[in-house]
Structure formats: C-alpha cells, structure tokens
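Enquirer: I have a structure I would like to understand better, so I am pasting it below and will then ask my questions one at a time.
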Amino acid sequence: MALGEFTYRPGRGQYLDAENVGLLGHVLAFGDDDALLERLQAYRHTGRPGYPVSTMWRAFQIKYLLGIRFNRDLIAQLQTSPALRSVCGFGDVIPHESAFSRFFARLANHQQEIESIQTRLVEWIADEIERQKKAGTIRDDSPPLGEVTAIDSTDLPSHASIRRKPHTDPSARWGHRTPKFSLSANELFLGYKLHSVVDVNYGVPLVDFMLPANESDSPQLPKLVELLKDTYPWMEPRCVVADRGYDATSNYVFLENQKLFSVILRRNTDRDGDIYTLDGRPRCVGGEPMQFVHTDPHHGHLFRCNPDGCELKGKSPWLGPSCVSEHHEVPAGDPELLRKVGRLPRASEFWGWIYRRRQSIERLFNSLKHSRLLTTHRYLRRRKVRLHASLSVLTSLMTMLGRLTTGDYARMRWMRLTMSTVAQMPTMRAA
Ligand SMILES: [Zn+2]
C-alpha cells in the first residue's frame, strides 16, 4: 500500500506497513521534546500509575498527523494497528478515553513549552533550507526563511453550546465570520481567531496567537511583527503582505519605521476627488491615471501621463497625445502617501507579484482545516482551543520538516501539507 492511499476511515482498521511506520516515526521524532516531557512527568506522582508521557504525547501528535477527529477513534486505530501502537510505544493495552482527556487538559498547562517546540521546528526548517541550498537541492538564490511574510487571521469557533444561556464558553466572544467562508457578510460565530504570520515563499507558519473573535484584525499587525522579531531575532524580514482588512495608515507607518515594505490591499474608502487610484497611481493634469515608470533613489517614484493620451490630447498645438505630465511621488515620511502610493509602489508589477503570494497563507489555513482538524474540534475555553490550534500548526511543521529532510514529497502527501514550490523571487529593491 502506498502512503498516498493511507486515509483515515472511522470504524475500519488501518494497516501500516514497515515503511509507513518508519516514515511516521521519522516525523514524530521532530516532536520529541525533553523540556515538555519532564514537565509532564511531574504529574505522575499525583495520579494512578499511567503510561509514559512520551507515549501519550506521541499518540496525540498522531491524532493530528493523520487527521483523526475524536479520541475514541484514535483509540480504535491504536487497538487495530500493532504498528501504530509500537510507533507510540504502547504495549497491548491502550489507556481509556478519560486518560486521553486528562492528558490533553494537562498539556494545556504547558502552552509555553509547546510554543517553544514550534519555534525550534521553524529554526530547524530554516537551517534545512540553507543546508539544501548549499547542497543544490534548493536553488541557491532562493530567499531565506522569513524574508517575505503574510499576515492574516482565521476563524476558530468554540464548541460551546449556544442554545444554553449563558453559552458554555465564558472566554469565547461573538465575531464576524471571515467573508470568504460565509455567504452573508454579517454571519456571526462564537469563538476565537488565530492571528498568524506565514512565510509566503515556503508556506511555513512562523508565529501566531489566539484572541477572542470580537477582536479586529488590523491592530494585530504590529503585535504580530513584534512577536516575529522577538521569536526569531536572526530572521531578516523585508516585506509584510496583508489583505484589505489591515489597510490602516498606522500599519503603513509602523512597517516603515520597522524598515519593512508593506504590500497591503487598499480599501475603497475614499470618495471621488482622490487623485490616487486604488493601485497607487496619481492622475495627470488631464485627469487620467498616470503610468508608473521607475523608482529613482533620489527623487522617488516617477509617474508619467499615459502615452496613448488623456483628455488634453490635441487640445493644444504644443502638446502631443499626452499632456507631458510627469511627476515624482516621495512616500517616505508621508503617512498618506505611504498608504496610497506605497514605499514599494503599488503600481509596480513587483507589488502585484508579491501580493499574489499571499495565497500561501490561505493555503495553509485550508490545510490546517482540512487535514489538521483546526475547525473540527470539541473544545471549550481559551486554553484548550489554543492548545488544539497549536497542535494543528505543530504537526504541520513536523510534516514539512519530514518532507524537507526525506525529499520524498509524494510520500509525505499523506500527511497532507502543501509546500509551495520555492518561488523565484526578484531581488527586493529599496525605494
Ligand atoms: Zn495627461
């Protein structure tokens, strides 16, 4: 049986052959963490004699790696597959469902340790990318991890019963569903949002935090960038990409002060009379949007009247088809121009090229939902939902590392994580 055919089917035993088990073991090894296991070991004195914590920790990672929804299904899988038991370290007896719930609840006390595993995995991926660049398996002009990042949030509903008053999750809040996932723009959901930073070239989730769903996206951008810089001081981010939900002047100013290019879609908030188009082009004397020519290091972005002509065409004997309107825009130090024209000019092809790479964060969120159970859980309250989201991200990183280290992308697909082909990234030019 090929790994690609290994899918989870409730109620049916799964067969893992030696090769598959080897691969699963290879991936699980990335999640081994002494600091976390030592902390968890401390609980052993308080309860009944149980199973080694490393065994339970592995079982939970398998649950996310294979996309097994409920603990009872995980138990059924372990019961039917000796290979799966052995890769976790269980003997013939599998703990009761309540032991799994208790373990998860304890794990939720160690969010910090879980997050440091996440950080370590990202560092590992960055090293592996650089190693493979030297080895020639990844193009040596590929960007380093973290150079261009995208910021976005995804809905994370609570499993609270909303029929009961008050509803059963006191830390959850009502928020608007992200429009792309609902038909009505005003559909509400109860729960949280996961705010994330993702490397757009490799599709690697770098940092994230979870907030109640009523917190809006835009103010989270500076916090996410600061978290990114604190978590990975070695990283050299150069550009942040985001959708129009983050289009706020304060964000452009923040990114400019951080020496980061912003590639954020503009909302159409300005009424008639704005001389700038939404793609950042000023209008010429004749009222037509001008063309972006190039960026001059001394004079800023050069715009010129469309050579096909504008309203002033032929109006005057000394004018050609165009009004010969030429104009430099200097966004540095001007918050409105930073937003409307862009430090990296919105009108440039390069801007559009980078913005299109934002889809890698959408791809990651979809993958977390479809293969990592992100939105199909039964947890209540911030701590548990947070842990659940972290495990979802953590196992994605493990799969990614597995793919990178084995170079066996086809076989790793069963753990379902798309890794975007390394982009051919034009060199970032300073404006
Ligand atoms: Zn003109």
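Enquirer: For the list (1) in contact (Cβ under 8 Å) with a residue 60 or more places away in the chain; (2) in a loop (DSSP other than H, G, I, E, B), I need the number of the one condition that residue 262 fails.
Expert: Every condition holds for residue 262 apart from (2).
Enquirer: Still on this structure, I have one more. Could you grab me the full set of residues in segment 184-216 that are surrounded by fewer than 19 Cβ atoms within 10 Å (Cβ to Cβ) and either in contact with a strand residue (DSSP E or B) (Cβ under 8 Å, 6 or more places away or on another chain) or modelled with pLDDT of 95 or more (or both)?
Expert: Of everything in segment 184-216, those that are surrounded by fewer than 19 Cβ atoms within 10 Å (Cβ to Cβ) and either in contact with a strand residue (DSSP E or B) (Cβ under 8 Å, 6 or more places away or on another chain) or modelled with pLDDT of 95 or more (or both) turn out to be 185, 186, 187, 188, 209, 212, 214, 215.
Enquirer: What pairs come out if I take residues in segment 203-223 that are at positive phi and pair them with residues that are part of a loop (DSSP other than H, G, I, E, B) and open to solvent by less than 20 Å² (accessible area, probe 1.4 Å) whose C-beta lies under 6 Å away, six or more apart or interchain?
Expert: Once the first residue is at positive phi and sits in segment 203-223, its partners that are part of a loop (DSSP other than H, G, I, E, B) and open to solvent by less than 20 Å² (accessible area, probe 1.4 Å) give 203/420.
Enquirer: Additional query: Would you pick out the residues in segment 112-145 that are in a loop (DSSP other than H, G, I, E, B) and either small (Gly, Ala, Ser) or farther than 22 Å from residue 360 by Cα (or both)?
Expert: 136, 142
Enquirer: To continue, here is another question. State which residue pairs qualify: first residue at pLDDT 75 or above and in a strand (DSSP E or B) and inside segment 302-316, second residue near the ligand (Cβ under 9 Å from one of its atoms) and not hydrophobic (A, V, I, L, M, F, W, C) in any location, beta carbons under 9 Å apart, and separation of 6 or more residues or different chains.
Expert: Note: pairs meeting the criteria are 303/325; 304/322; 304/325.
Enquirer: When the residues of segment 221-254 are narrowed to those that are touching a Ser or Thr at 6+ places or on another chain (Cβ under 7 Å) and closer than 23 Å to residue 188 by Cα, which ends up most open to solvent (accessible area, probe 1.4 Å)?
Expert: Selected residue: 245.
Enquirer: While we're looking at this one, here's another question. Of (1) part of a loop (DSSP other than H, G, I, E, B); (2) under 30 Å from residue 154 (Cα atoms), residue 287 satisfies all except one. Which?
Expert: (2)
Enquirer: Could you list, in sequence order, the residues of segment 154-171 that are over 24 Å from the mean Cα position of the chain (by Cα) and touching a residue at least 60 places away in the same chain (Cβ under 8 Å)?
Expert: 160, 168, 169, 170
Enquirer: Further question: With 86, 54, 98 as the choices, which residue is without any contact (Cβ under 8 Å) to a residue 12 or more places away in the chain, part of a helix (DSSP H, G or I) and either farther than 28 Å from residue 370 by Cα or not basic (Lys, Arg) (or both)?
Expert: It is 98.
Enquirer: Can I ask one more? Among the numbered conditions (1) out of contact with any Lys or Arg (no Cβ under 9 Å at 6 or more places or on another chain); (2) surrounded by fewer than 21 Cβ atoms within 10 Å (Cβ to Cβ), tell me where residue 133 comes up short.
Expert: (1)
Enquirer: Does residue 89 satisfy the condition of being open to solvent by 20 Å² or more (accessible area, probe 1.4 Å) and on the phi > 0 side of the Ramachandran plot?
Expert: It is true that residue 89 is open to solvent by 20 Å² or more (accessible area, probe 1.4 Å) and on the phi > 0 side of the Ramachandran plot.
Enquirer: Here's another thing I want to ask about it. Which one is nearest to the ligand (Cβ to nearest atom), of the residues in segment 284-294 that are at pLDDT below 90 and out of contact with any Phe, Trp or Tyr (no Cβ under 9 Å at 6 or more places or on another chain)?
Expert: My answer is 286.
The values are calculated or read from the model by the stated rules, or taken from the named source; none is laboratory data. No experiment lies behind these values; they were computed from the predicted model shown. In this analysis, Cβ positions are derived from the backbone assuming ideal geometry, glycine residues included, and neighbour counts consider all displayed protein chains. We work out accessible area using only protein heavy atoms, side chains counted, and drop any ligands, DNA or RNA first. Shrake-Rupley method; radii C 1.70, N 1.55, O 1.52, S 1.80 Å.
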